[in-house]
Amino acid sequence: FSRFTNHTFTRTPQPASLRQEQLAVSAKIAGELSERFPDVHVVPQFREIRIADQYSIEGKGIIKLLASWHHPDFGRDRDSEKFSKVETFLRDLLQDSAIRLEVSHTQDRILVTKSGLRLPLDSLGTGIHELIILSVAVLSHDQGVVCIEEPEIHLHPLLQRRFLDFLRHETSNYYIITTHSSALIAPSDDTAVTHLWLENGVTKSRLVETD
């Protein structure tokens, strides 16, 4: 050790061209990796339909988005399919195949025609209101990861299960759901359930493998 204590070691500077090449390669690798990872979207616990020009996943601007899906611009035919999925989901929830969904001409409310009555969505109850927000949220993204906080809020257990069926059969995303509802906790071939708990200030987890 004493033989080297009086020596100063210096790092040889890299040529500028080599450094530029390293940066270019790093940027390319990072870009390719980012393309392989899906986008992540979080649906928060507190959700509400509110009027706005721009849509956000917790319900703000949802009326204008639904209007654009109902009457999409040229070349956006898939948006019309999304509107149909929301309407079909509403029919399934209310067990009425004749229900029609629309947006008012002034784009300030969502209207539902049921049994000959044309009423605002609010008249159907908070649970249906919540599920419209959630269904639009998950349909507004494709092939992504959607994290949903407590989707069971204001929902009957039967509606919770129908919402899970909707996620499975009508959307293309992967989902991470935090919940306290036994109706949503069901291990299956396409669903993994993890139990989280707090112990001495530390969050611990275990995989739930049986009913």
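The values are calculated or read from the model by the stated rules, or taken from the named source; none is laboratory data. Computed from a predicted structure; not experimentally measured. A quick note on method: Cβ atoms are made from the backbone with ideal geometry, for glycine too, and the neighbour counts reach across all protein chains shown. Keep in mind that these areas ignore ligands, DNA and RNA; they rest on the heavy atoms of the full protein, side chains included. Shrake-Rupley method; radii C 1.70, N 1.55, O 1.52, S 1.80 Å.
Kindly list, by first and then second residue, each pair from a residue in region 56-74 that is within 19 Å of D108 (Cβ to Cβ) and open to solvent by less than 30 Å² (accessible area, probe 1.4 Å) to a residue that is part of a loop (DSSP other than H, G, I, E, B) and polar (S, T, N, Q), limited to pairs with Cβ atoms under 8 Å and residues at least 6 apart or on different chains.
If the second residue must be part of a loop (DSSP other than H, G, I, E, B) and polar (S, T, N, Q), the pairs left are G61/Q54; I63/Q107; A67/Q107.
Taking region 126-164, which residues are touching a Gly at 6+ places or on another chain (Cβ under 8 Å) and either free of Cβ contacts under 8 Å to residues at least 40 places away in the same chain or under 15 Å from T179 (Cα atoms) (or both)?
Answer for region 126-164, where residues must be touching a Gly at 6+ places or on another chain (Cβ under 8 Å) and either free of Cβ contacts under 8 Å to residues at least 40 places away in the same chain or under 15 Å from T179 (Cα atoms) (or both): H154, L155, H156, L159.
Are there any helices (runs of 4 or more DSSP H) wholly within region 1-116 with 2 or more residues that are closer than 30 Å to I176 by Cβ, of a type in the set (D, E, K, R) and at pLDDT 90 or above, and if so which?
Qualifying helices (runs of 4 or more DSSP H): 77-94.
Out of (1) free of Cβ contacts under 8 Å to residues at least 24 places away in the same chain; (2) loosely packed, with under 14 Cβ neighbours inside 10 Å, what's the single condition that is false for D108?
So the condition that D108 fails would be (1).
Just checking, which of L94, L101 is of a type outside the set (D, E, K, R) and farther than 13 Å from H70 by Cβ? Quick ask: steps written out before the conclusion?
Values: L101 fails: farther than 13 Å from H70 by Cβ.
It is L94.
Scan region 177-204 and report the pairs whose first residue is under 23 Å from H41 (Cβ atoms) and in contact (Cβ under 8 Å) with a residue 24 or more places away in the chain and whose second residue is open to solvent by less than 80 Å² (accessible area, probe 1.4 Å) and assigned to a strand (DSSP E or B), with Cβ atoms within less than 6 Å and a gap of 6+ or a chain change.
I177/I148; T178/E149
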